[in-house]
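The values are calculated or read from the model by the stated rules, or taken from the named source; none is laboratory data. Keep in mind that this is a model prediction, so the values were computed, not measured. Counting neighbours? That spans all protein chains shown, and the Cβs are built from the backbone with ideal geometry, glycine included.
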């Protein structure tokens, strides 16, 4: 019971902090729909991101061993990086293990580091983006709120805007 209460308080504080950041955010470059590939442990595969507004997006991922969906709030948007929070759920097919997740992180466009994958493959326009994500989060495997796991998340992906 104490772990459940503690976890709820942590998730609540993270979400409140994200909502209270006064920085205005900007929509991603290109259109509202982005298709590509994304991996962020433990889920990954084909990815679709739909921007609901300047700050809110939803993402779905379908991989060979997993299915996941999450809601994303960007609390600070800069040209080549942003700070975000997320919450969602997923299913790992290999171990038939559903789970819930929440957290926060920083997403970097690879161009921040001088690497432009769009230019490398001949797509020099800004419709092609690639990213690196670093974050912290909590996961409740099998929705077992007594055994919540805290950890770091590392992910990467690419998307084409439509």
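The table that follows gives values for the structure above.
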read-out	value
The one condition in (1) touching a residue at least 60 places away in the same chain (Cβ under 8 Å); (2) within 15 Å of residue 157 (Cβ to Cβ) that residue 87 fails to fulfil	(2)
Residue within the stretch 104-121 that is out of contact with any helix residue (DSSP H, G or I) (no Cβ under 7 Å at 6 or more places or on another chain), touching a residue at least 60 places away in the same chain (Cβ under 8 Å) and surrounded by 18 or more Cβ atoms within 10 Å (Cβ to Cβ) present	no
Among residues of the stretch 65-78, those that are touching a residue at least 24 places away in the same chain (Cβ under 8 Å) and surrounded by fewer than 18 Cβ atoms within 10 Å (Cβ to Cβ), counted	3
Unmet criterion (only one of (1) farther than 15 Å from residue 137 by Cβ; (2) at pLDDT below 65) for residue 10	(1)
Filtered residues of the stretch 26-83 (kept if touching a strand residue (DSSP E or B) at 6+ places or on another chain (Cβ under 8 Å), outside any strand (DSSP E or B), over 20 Å from residue 139 (Cα atoms) and modelled with pLDDT of 85 or more)	32, 52, 55
